[in-house]
Amino acid sequence: MSESEILPQAAAVADCSARIAAAADIAALVACAAKARQLALALQREEAGAALVTSVLSRLNDAIVARVLALLEPRFRLPPARWCWLGLGSEGRLEQTLATDQDNGLVFSASDDGEARGLRELFLPFAQAANRALAECGFPLCDGEVMAGNPHWCLSQSEWLENFTAWVRTPEPEALLNAAIFFDLRPLAGDGSLAAELRRALSELTRGNEIFLRMMSVNALAAPPPLGRLRDFVTAAEAGGTIDLKKFGSRIFVDAARILALGAGIAATATAPRLRQAALEGAMAPADAEAAVHAFHALQGIRLAAQAGNVDAGRTPGNQLDPEGLNEFDRRLLLDALRQARTLQQGLKTRFHIDT
C-alpha cells in the first residue's frame, strides 16, 4: 500500500476503535463489528498484506470482546474473585480472518475445588451471555463448544492446570486436539496475570518434553499439504475439486510453529514470531524460518482473497479454494507456499525421528 492509501485506512481503524470503546450497548457493537470486517476487506483489496489485515481485524475483534464484557459485567452479580477472559485458537494467535467462530474460555481464582464449583455457577451466566452477544456481533458459536459459557471451559486456575498437565502427560487424540486450541491462549479482558501464570506453567510442562512434542508432531503430520506427484495439486473430489486452505495450508505452519515454541519455552502465540524466535533458539535455521514466515503470509493472503471473493459474491466466507480459478502468478505462489509447508513438516519428521 502507498502512503496515500495507508493514512485514510489508519484513520478509519482508529475511528472504529473509538466507536467500539464508546459503544453504549450490544446493538452498537454489532454495527462496529460489521465495520471492522468492512475495514479488513478494504485493506485486503488494497493489498495491505495478510499480516496487517489479520492483525488489524484481530485487534478490533479484541476490542469488541472487551467492550461486550464491560457492558455485560454490571448486569451480573460476579463474585469478588480474579477472572480473565481467554482468547483461544486464531484469536489467541492474532490471526483471525473473515471466516472465524468463537474460541474462548474463562479462568478465575479459587482457593479449592469446592470454591471453584461455587464460583463457576456465578460466572457461567455471565460467560453464556457474552457468548450470545458475540454471536450477535457476527462471531458464530463454536460447533465444538469451545467457549467460556461451557462449564468445561469456565475453570479455576488450578483446574486449567490440571487439564494442561493431563493433556501433556497423556497425549491421546483428544488431548492433542485440545492442545492445538488451548495452548494458544491470550488474555482479552479481566486480570491478565491469571493467563500469564497459566502460560508460565504450560512452558514448564512442555519445554524439552520430547515425548509430548513428538506426539504433537505425529498428529500435525496427519494433514500433509495437497501436493501431487503427477499434477500440481491434490483436490478433494467430494468438495467440488477444492482445497481447504486452512486444514491443508495455514494450519501446517501454525502447528509446526506451536510445536517449536512449546519445545523451546517461547511465550509468543502468533505463528510468525514463534517461527522467528524458534530460529533464535536454534530450533531451526534463520533462513528456513524466514522462508516459512513468507510462505505462511502468502498462503494467508490467498486465503483472504478467496474469502473476499466469497463476500463479493454474496456467499459466506470460507476456506475452500478451487486452484483452477487462480491466475498463473497466484497459482505458482500457492504451489511454492505449500512446498514450503512440506519442507516444514519434513523438518518435524527429522527433528523428532518420525518415519511416515
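Computed values, structure above
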{"quantity": "Reach of K35 by Cα under 25 Å, taken over lysines that are not fewer than 8 positions away in the same chain", "calculated": "K246"}
{"quantity": "Potential lengthening between R315 and D25 on full extension [0.36 nm per residue; Cα-Cα distance subtracted]", "calculated": "101.6 nm"}
{"quantity": "For C154, net neighbour charge (Lys/Arg +1, Asp/Glu -1) across residues whose Cβ lies under 13 Å away", "calculated": "-1"}
{"quantity": "Diffusion coefficient, µm² s⁻¹, Stokes-Einstein with Kirkwood Rh over alpha-carbon pairs of region 262-316 at 25 °C and 0.890 mPa s", "calculated": "193 µm²/s"}
{"quantity": "Directionally averaged projected area (convex hull, Cα atoms, region 255-356), nm²", "calculated": "7.7 nm²"}
{"quantity": "Derived scalar couplings ³J(HN,Hα) [region 306-313; Karplus, 6.51 cos²θ - 1.76 cosθ + 1.60; whole Hz; x for Gly, Pro]", "calculated": "5, 5, 4, x, 4, 4, 4, 8"}
{"quantity": "Mean-position separation - Cα centroids, region 148-169 and region 282-356, in angstrom", "calculated": "32 Å"}
{"quantity": "Positive minus negative residues near D336 (Lys, Arg vs Asp, Glu; Cβ under 12 Å)", "calculated": "+2"}
{"quantity": "Spread of Cα-to-Cα distances over 5 Å intervals beginning at zero, given as percent, for region 214-286", "calculated": "3, 16, 21, 19, 15, 11, 8, 5, 1"}
{"quantity": "Distant-in-sequence amide H partners of G190 (H built 1.01 Å from N, under 5 Å)", "calculated": "W85"}
{"quantity": "Trypsin sites (Lys or Arg not before Pro) restricted to region 5-77 and DSSP loop, no more than 10 other C-beta within 10 Å", "calculated": "R77"}
{"quantity": "Gyration tensor verdict on region 25-124 (Cα atoms; rounded if a/c is under 1.5, prolate if a/b is larger than b/c, oblate otherwise)", "calculated": "prolate"}
{"quantity": "Helical contribution to [θ] at 222 nm, DSSP H n ≥ 4, -39,500 (n - 2.57), averaged over the chain, rounded to 500", "calculated": "-20000 deg cm²/dmol"}
{"quantity": "Positive minus negative residues near G263 (Lys, Arg vs Asp, Glu; Cβ under 12 Å)", "calculated": "+3"}
{"quantity": "For region 255-266, 3J(HN,Hα) per residue [Karplus equation, 6.51 cos²θ - 1.76 cosθ + 1.60, θ = phi - 60°, Hz, x = Gly/Pro]", "calculated": "5, 4, 4, 5, 4, 5, 5, 5, x, 9, x, 7"}
{"quantity": "Solvent-accessible area per residue, Å², over the chain with all protein chains present [probe radius 1.4 Å]", "calculated": "45 Å²"}
{"quantity": "Neighbour-limited loop hits for trypsin sites (Lys or Arg not before Pro), region 285-356 (at most 11 other Cβ within 10 Å; DSSP other than H, G, I, E, B)", "calculated": "R315"}
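The values are calculated or read from the model by the stated rules, or taken from the named source; none is laboratory data. The shown structure was predicted, so the numbers you read here are calculated from the model rather than taken from an experiment. Neighbour counts are summed over all protein chains in view; Cβ atoms, including those assigned to glycine, are modelled from backbone coordinates with ideal geometry. Keep in mind that these areas ignore ligands, DNA and RNA; they rest on the heavy atoms of the full protein, side chains included. Shrake-Rupley method; radii C 1.70, N 1.55, O 1.52, S 1.80 Å.
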